[in-house]
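The values are calculated or read from the model by the stated rules, or taken from the named source; none is laboratory data. Fair warning: this is a prediction, and the values are worked out from it, not measured in the lab. As a convention, Cβ positions derive from the backbone with ideal geometry for all residues, glycine included, and neighbour counts pool all protein chains shown.
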Protein chains: 4
Amino acid sequence: MIDYILRIACPDEKGLVHKITGVLYHNELSVIRNDEFVDRENDYFFMRTEFSGDCDPDRIVNGLKGILPQSAIIELITKQIKDVVVLVTKEHHCLSDLLIRNEYKDLNFNILAVIGNHDTLRPLTEKFNIPFHHVSAEGISREAHESAIEQLVKSYNPDYLVLAKFMRILTPEFTDKFKNQVLNIHHSFLPAFIGANPYKQAYQRGVKIIGATAHFVTDDLDEGPIVYQDIIRVNHSKTAQEMAQAGRDVEKIVLANALKLVFEDKVFIHGNKTIIFE
Amino acid sequence: MIDYILRIACPDEKGLVHKITGVLYHNELSVIRNDEFVDRENDYFFMRTEFSGDCDPDRIVNGLKGILPQSAIIELITKQIKDVVVLVTKEHHCLSDLLIRNEYKDLNFNILAVIGNHDTLRPLTEKFNIPFHHVSAEGISREAHESAIEQLVKSYNPDYLVLAKFMRILTPEFTDKFKNQVLNIHHSFLPAFIGANPYKQAYQRGVKIIGATAHFVTDDLDEGPIVYQDIIRVNHSKTAQEMAQAGRDVEKIVLANALKLVFEDKVFIHGNKTIIFE
Amino acid sequence: MIDYILRIACPDEKGLVHKITGVLYHNELSVIRNDEFVDRENDYFFMRTEFSGDCDPDRIVNGLKGILPQSAIIELITKQIKDVVVLVTKEHHCLSDLLIRNEYKDLNFNILAVIGNHDTLRPLTEKFNIPFHHVSAEGISREAHESAIEQLVKSYNPDYLVLAKFMRILTPEFTDKFKNQVLNIHHSFLPAFIGANPYKQAYQRGVKIIGATAHFVTDDLDEGPIVYQDIIRVNHSKTAQEMAQAGRDVEKIVLANALKLVFEDKVFIHGNKTIIFE
Amino acid sequence: MIDYILRIACPDEKGLVHKITGVLYHNELSVIRNDEFVDRENDYFFMRTEFSGDCDPDRIVNGLKGILPQSAIIELITKQIKDVVVLVTKEHHCLSDLLIRNEYKDLNFNILAVIGNHDTLRPLTEKFNIPFHHVSAEGISREAHESAIEQLVKSYNPDYLVLAKFMRILTPEFTDKFKNQVLNIHHSFLPAFIGANPYKQAYQRGVKIIGATAHFVTDDLDEGPIVYQDIIRVNHSKTAQEMAQAGRDVEKIVLANALKLVFEDKVFIHGNKTIIFE
């Protein structure tokens, strides 16, 4: 059984693996799985270790602080089920997939609440006895709307915020408050289409594949570090509507795969990219 | 055995399939496979029919002209092996795949010659007893260079021109002379990266998939009608060089798949998209 | 708009497409999409035509009977939403996906009822206001159990019966009563593993991909005509349990894709294979 | 730069990573990448470490022997380009892909020679200035044939033997002499087809995907530890011949991917499965 997951990110230097595992060994802990990666371009070290045994977490972390560079980020994780708040608009496909996985414990997460800027998905959410909050953006400023969402989210104190087809652009002010905690899903095309109605453009261009990308949200909504991507094949006989439907199927699978990696603490964010120990 | 492939594209109207197949039936020809598609958005009709039997092609085409709208494009194809000239620069991966397929008749094509703006791929080409022409762009104007290539290509009178990693941008003046005859392959990313060294950008962004797109070349080099696309998975442990190598593997497969469809006369171009009867 | 779908299967002979479309043309109907395939090995002809317009279906069918071989199967379909009964055991993943798609009209079907040989999935089903019937196999003969299911199914008169992880083997006596109406989903491996606990075997063999196959059920449960297949990648770090979870994700997608094709009347069954006009 | 790759496999015990990396650290070596996996079912430990620096290999290995369980397998690899002999019959597709990759250094290997039980592929091989040996099986016993091949192979002293569509079954006596050194590629189907002409069977069953599996060869030719697998989509319109051609395309890609992993020393064999540090 995994009791702890240790995650370390710091500038690289000689002997890091040896020193880190030494702290575990001298505390009589058993390493179950260990992954390590050095980004040679930036000389940065990433390590994730699953281990079992009885330990005093503070003692481990202090032991590690003593041997690691000052700027090291050390996380010792015991909470394997993550608390999540989901933000939605009107499309159901990602939310319904998450609600089913929540109901059957198919992902190691726990949905605390769903917040919608429309009330459309309340009945679906409430079927699964999850609280649904409607925070309309109508008639109020963007700041007021985000502030209302922020307060609600904070009242639940989640580990992650999942944008499951939340169709509003969040301001950097908002996302900065939940740094590395906000995940988003969106469709992707080869080539990329800019502007309104991308599925119509994709249809008119006759694309043969439609993709989806799940990523962390940083200041620029669709441009944060990528966690997972996949594609689905389409052909000329699909209408723009059918392409959109195919896109929804790949979006929900990509989001679920990305969340599985994130919730298992397998994803490191460094600059604008991810290091993932699958 | 397929003796003929009939391809028709015209504005849609009632009874087209009936009338067209009537011409074949009354000439005692046997339909082997028939595909038809109507683009509802543009009310445009596409039909491809494989048939066998003895016929006078002129008689068939004239029969069809009598029943089809004036603007109909009618092609009655008997030449199943396509003549091809390949344009290259220095990268070998697409050319070598094509040379092997040519040698073993794995694609219904016949490579007449390879033209390179560098001499790099001459030894490879000549191993397979295919003429290689080096047309350097050094010290001459773009017009002069393209004109030299054009003359050489025309001397071979190919059905298609394949840009197998030809790293120069062709002018609309050139491509207009080979309308619907020029195919290109290039890598594609989700998201798209603009500017120099896209693999470096893809690496820095930590993309999880790398794609390739084969398309007809129109005025805008990378923007013509798409024939085939595919992707390959990568992860953070790949360097930019390894991503480029993975990209080469998917490029050569995508190009071969696209050429197979085109050379079997399964691809219709309409506006900026393709209709493909796989 | 598609008003009718015409499906014809018969021994091949010259002029079939011309004659069939003639009946439509002379009734002033507009062909929207037409697909035709001749199985050369068996000289058998398959055609599917979407058309619009006002017509007397009997007149069309009689017109077609007059020109087609006696053994021709002619189907003129107007019912585009299919009625379905779902059979389950304890696993939720396929059922939940179907319930969501039913709720949001993501597939052109209508779930009339769910029948379980266990009562496990009643709460899930009833969340969506679909009747759930528990028909236990305990303490009764296989014949009695199947007979109870048969009666219940017949009371709903569905177009199709979907085995969404129904873990009992149906007798040929049962499946013969619903010929070409029963669809099943199961995992598939390369290589195939025979006997109990295939995921454990797959784990021990270290397979790198896990597949799923959706097929019509004939006499031999896992051996009927295949409609759709797909795979998902796994690696050595997955436990047998995680492989099974990955398998569930691919099963639900494969089942949904297969049902979409079947419910759009795009699938012909001929002998032990399918012809599918995607 | 990677100077060494260290590979260790042994029964698991506490502190292994710490102790192993200690030996590297005390020799002032820099770990570039480290992967470790414990097979919990068998309590077996696998570790692969890329490191750089100046070292005396004997000193490192002796240092490791002092701290590891007696049964530990310790490999310290400095030879990054692997010497390979390829065995073929008549099909060219895998061989030609390997010859091209060899010519352009696209895989870290060096083809020393090609041996064929037919002479068919001599011209192709010799185009690339690789020795080709024809060892006919005609008129001699299986033992005599294998013995002739064995002697020839041993005269080249390769690191690996690649069966690139070698269509004869090797005896356990032969493969035992090249334990963990022989790689094979073959097509795979869902479901599996036993007996002659599997593509004909696959065609008749109407399969929708065709797979390929690259694996190490053990006593049972098609049943050794799997290294890489992939699939390609087909449909009813493909003849058995076209399915076989699609199969060849996926075979050559799967073989190249598998060899890349093996030649980078990323593959561990344990019992009948592989652990692969991609």
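Some points to look at:
- Number of positions in the range C:244-262 that are among the acidic types (Asp, Glu) and within 11 Å of chain D (Cβ to nearest Cβ): 0
- Selection of the range A:202-234 for residues being facing another protein chain (nearest Cβ under 7 Å), over 27 Å from residue A:271 (Cα atoms) and buried (at least 17 other Cβ atoms within 10 Å of the Cβ) yields A:205, A:206, A:207, A:208, A:209.
- Total residues in the range C:153-180 satisfying the condition of being in a loop (DSSP other than H, G, I, E, B), crowded, with 19+ Cβ neighbours inside 10 Å, touching a helix residue (DSSP H, G or I) at 6+ places or on another chain (Cβ under 9 Å) and not hydrophobic (A, V, I, L, M, F, W, C): the figure is 1.
- Residue ID - nearest to residue A:62 (Cα to Cα), chosen from residues in the range A:30-39 that are of a type outside the set (Val, Ile, Thr) and facing chain D (nearest Cβ under 7 Å): A:30
- The residue list A:144, A:148, A:137, A:113 contains one member that is outside the structural domain of residue A:18 (by TED's automatic domain parsing) and touching a Pro at 6+ places or on another chain (Cβ under 7 Å), which is A:113.
- Residues in the range C:184-201 that are at pLDDT below 75 and within 12 Å of another protein chain (Cβ to nearest Cβ): C:190, C:191, C:192, C:193, C:194.
- Checking residue C:97 against (1) among the acidic types (Asp, Glu); (2) touching a residue at least 40 places away in the same chain (Cβ under 8 Å); (3) surrounded by fewer than 20 Cβ atoms within 10 Å (Cβ to Cβ), the condition it does not meet: (3)
- Pick from the range D:1-29, criterion within 8 Å of another protein chain (Cβ to nearest Cβ) and surrounded by fewer than 17 Cβ atoms within 10 Å (Cβ to Cβ), ranking: nearest to residue D:68 (Cα to Cα): D:14
A quick yes/no check of all residues on (1) out of contact with any strand residue (DSSP E or B) (no Cβ under 9 Å at 6 or more places or on another chain); (2) hydrophobic (A, V, I, L, M, F, W, C); (3) over 25 Å from residue A:227 (Cα atoms); (4) in the same structural domain as residue A:117 (by TED's automatic domain parsing):
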| residue | (1), (2), (3), (4) |
| --- | --- |
| A:132 | no, yes, yes, yes |
| A:153 | no, yes, no, yes |
| A:160 | no, no, no, yes |
| A:166 | no, yes, no, yes |
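- Test for residue D:265: is it closer than 25 Å to residue D:99 by Cβ and surrounded by fewer than 20 Cβ atoms within 10 Å (Cβ to Cβ): yes
- Screening A:241, A:151, A:181 for residues that are more than 10 Å from every other protein chain (Cβ to nearest Cβ) and under 24 Å from residue C:97 (Cβ atoms) leaves exactly one candidate, A:241.
- Subset of the range B:168-186 [out of contact with any strand residue (DSSP E or B) (no Cβ under 9 Å at 6 or more places or on another chain) and of a type in the set (A, V, I, L, M, F, W, C)]: B:169
- Within the range C:107-119, tally of residues that are more than 19 Å from the chain's Cα centre (by Cα) and surrounded by 17 or more Cβ atoms within 10 Å (Cβ to Cβ): 1
- Residue match in the range D:122-129 (condition: under 30 Å from residue A:32 (Cα atoms) and either crowded, with 16+ Cβ neighbours inside 10 Å or in contact with a Ser or Thr (Cβ under 6 Å, 6 or more places away or on another chain) (or both)): no
- Checked against (1) modelled with pLDDT of 95 or more; (2) more than 14 Å from every other protein chain (Cβ to nearest Cβ), residue D:79 passes all but a single condition, namely (1).
- Residue selected from the range B:1-20 under the condition without any contact (Cβ under 8 Å) to a residue 40 or more places away in the chain and under 28 Å from the mean Cα position of the chain (by Cα), by the criterion farthest from residue B:43 (Cα to Cα): B:17
- Tally of residues being in contact (Cβ under 8 Å) with a residue 60 or more places away in the chain and over 20 Å from residue D:45 (Cα atoms) across the range A:21-48: 4
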